[in-house]
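Below: one structure, written as structure tokens.
The values are calculated or read from the model by the stated rules, or taken from the named source; none is laboratory data. From a predicted model like this one, the values you see are computed outputs, not experimental measurements. For neighbour counting, all protein chains shown are included, and Cβ atoms are generated from backbone atoms with ideal geometry for every residue, glycine included. Remember, those area values only see protein heavy atoms, side chains included, never the ligands or the DNA or RNA. Shrake-Rupley method; radii C 1.70, N 1.55, O 1.52, S 1.80 Å.
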Amino acid sequence: MSTTAHTVDEVQGRDEPDRVFRRYVFNNPEICSSCFRRLKANESHLRAFAGVTGHDLEPKASRAESIRAHKTKPGEIGPEGPLRGTRQVDNTAIAKYPTRTVCEDCGAIAGRADSDPLSRREALSRAKNLCSRLRELGEPVRLDLLKHAVGHLKSLEDYASLDTEVFEAATTVCVRRARKRP
């Protein structure tokens, strides 16, 4: 009896439709998880040096410094005398100003989705980019069905503020339908 070699796709198959969104779109560092545009492949990103523009200063911009009384008597607490208080000292000379990737389309820092929920209109406008990312993966989803699913879920009170779950559920439904089509 002979054995037959299998390709990786034949053995593992494609991911289940309910895993496609998070694995290949939402958690992909090359795709903005807020608007679903590519960040690096088509140069739709901007490297911002926050220290130059004054944004995103790390929390070490100021620090507390101890104020101590000078030691005058033997046996006082501490090598420099008793603690009298603290004062804030400017620490910007050693503060970090990290480089940030900013999505040029939606302005998301590092391409991360904002915690504020999208309006129904904003969610529908992002469906086109999501559809493009899914097609790049080889999932021929229909834009009209994806928009319909996103719009329907955003109109439900239980899902209106759960954007990630809305896009994930809409993607799952549309990928299932696309795979069933001949």
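Selection within region 165-177: residues that are in contact with a Lys or Arg (Cβ under 8 Å, 6 or more places away or on another chain) and open to solvent by 10 Å² or more (accessible area, probe 1.4 Å). The member of this set that is farthest from Cys35 (Cα to Cα) is Arg177. Within region 10-28, if we keep just the residues that are part of a loop (DSSP other than H, G, I, E, B) and at pLDDT below 85, the residue that is surrounded by the fewest Cβ atoms within 10 Å (Cβ to Cβ) turns out to be Gly13. Within region 115-136, the set of residues being surrounded by 14 or more Cβ atoms within 10 Å (Cβ to Cβ) and part of a loop (DSSP other than H, G, I, E, B) comprises Pro117, Leu118. Of the residues in region 137-144, none is part of a helix (DSSP H, G or I), exposed (fewer than 15 other Cβ atoms within 10 Å of the Cβ), at pLDDT below 95 and not aliphatic (A, V, I, L, M). Checked against (1) open to solvent by 80 Å² or more (accessible area, probe 1.4 Å); (2) touching a Gly at 6+ places or on another chain (Cβ under 6 Å); (3) of a type outside the set (Asp, Glu), Cys103 passes all but a single condition, namely (1). Within the option set His148, His152, being over 21 Å from Cys103 (Cβ atoms) and buried (at least 16 other Cβ atoms within 10 Å of the Cβ) holds for one residue only, His148.
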